[in-house]
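Trainee: One structure, pasted below without further comment.
Quick note: the coordinates plus some simple rules give every number you see, no bench work behind them. Nothing here was measured: the structure is a model prediction, and the numbers come from that model. Here Cβ is always computed from backbone atoms with ideal geometry, including for glycine, and neighbour counts include all displayed protein chains.
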Amino acid sequence: MIEMVVHGVTLDPVSQMPIVVLKARDNEEIVLPIWIGAFEANGIAMKLQNVDPPRPMTYDLLRNVITDLGAVVDRIVINDLRDSTYYAEIYLLHGNNTIVIDSRPSDAINLALRFDAPIFVVEEVLEKSRVPEPEEDEEKRRLKEWLDNIRPEDFETGGETS
């Protein structure tokens, strides 16, 4: 497994769908873009920008429930990619017990950010998601080039997501 960090949230220039961009903690050349929903992207963006909503959002509520039950999110693992769909697991520690919960990656990432828990991706998932070499497909080459050149200021949401 490779530990990843959230590099930011941006919009796909073609579909206008939100993308969470993960980069390997120790190798910024390893990038994993995951297309996610607007609500999930907003939750990630708000947390990255340290914006506290006046009332708990769903992920804050879930953090409060997990904490009040005496558990913590130990880590999340993006563990599979099937039919263009990513799968993840949330590892909760409750006393001496580890509880593994099936999750969408966007939900797992939102919780990991709220618990300062590490995000891991199984190497096989990274291999399956690999963007083809430029000669393989021009559109995918442009996407790879765009992902490689994203700057932190590109992740400013300006309050446009809800």
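Trainee: Let me spell out the model: positive unit charges on the Cβ of Lys and Arg, negative unit charges on the Cβ of Asp and Glu, origin at the Cα centre of the range 2-151. What dipole size does that give, in debye rounded to 20?
Mentor: Roughly 580 debye, rounded to the nearest 20.
Trainee: If you take the Cα Rg of the chain and divide it by 2.2 N^0.38 Å, with N the number of residues, what do you get?
Mentor: That ratio works out to 1.05.
Trainee: Name the lysines eligible as straight-distance cross-link partners of LYS144: C-alpha to C-alpha under 19 Å, and not fewer than 8 places from it in the same chain.
Mentor: Straight-distance partners of LYS144: LYS23, LYS128.
Trainee: Now for a separate question. Below 8 Å between Cα atoms, with a sequence gap of 6+, how large is the relative contact order for the range 1-143 in percent?
Mentor: 22 percent
Trainee: Sticking with this structure for a sec: Length gain on complete extension for the stretch ASP83 to ASN50, per 0.36 nm per residue less the alpha carbon to alpha carbon distance?
Mentor: 8.5 nm
Trainee: What does the charge count around ASN79 come to, taking other residues whose C-beta lies under 10 Å from its C-beta (Lys +1, Arg +1, Asp -1, Glu -1)?
Mentor: Result for the local shell: -4.
Trainee: Subtracting the Cα-Cα distance from 0.36 nm times the residue separation, let me have the gained length for VAL5 to VAL72 in nm, one decimal.
Mentor: Gain on extension, VAL5 to VAL72, equals 22.2 nm.
Trainee: For the chain, modelled as a Gaussian network with Cα springs under 10 Å, which listed residue fluctuates most, ILE34, ILE150, ILE78?
Mentor: Largest GNM mean-square fluctuation: ILE150.
Trainee: Right, something else. When the Karplus curve 6.51 cos²θ - 1.76 cosθ + 1.60 is applied with θ = phi - 60°, which whole-Hz ³J(HN,Hα) does each residue of the range 40-46 get, with x for Gly and Pro?
Mentor: 5, 4, 4, x, 5, 4, 4
Trainee: I would also like to ask the following. Within 10 Å of each candidate Cβ there may be at most 15 other Cβ atoms; applying that plus a DSSP loop requirement, which GluC sites (Glu not before Pro) in the range 1-94 survive?
Mentor: Those satisfying the criteria are GLU28, GLU29.
Trainee: Return a whole-number percent for the relative contact order of the range 73-124, with Cα pairs under 8 Å and 6 or more residues apart as the contact set.
Mentor: Over the range 73-124, the number comes to 42 percent.
Trainee: Quote the Stokes-Einstein diffusion coefficient, in whole µm² s⁻¹, for the range 16-79, based on the Kirkwood radius over alpha carbon pairs, a temperature of 37 °C and a viscosity of 0.692 mPa s.
Mentor: Rounded, D is 237 µm²/s.
Trainee: Going by amide H atoms built from the backbone, whose H comes under 5 Å of the H on LEU22, apart from near neighbours?
Mentor: Distant-sequence amide H within range of LEU22: HIS7, LEU32, ILE34.
Trainee: Let's test the formula: R0 of 35 Å, r as the Cβ-Cβ distance of ASP116 and TRP35. What FRET efficiency results, to the nearest 0.05?
Mentor: Computed FRET efficiency for ASP116 and TRP35 comes out at 0.90.
Trainee: Could you pull out every residue, at least 5 positions away or on a different chain, whose amide H is within less than 5 Å of the one on ALA88? Hs are placed 1.01 Å off N in the peptide plane, and Pro or chain starts have none.
Mentor: ASN79, SER103
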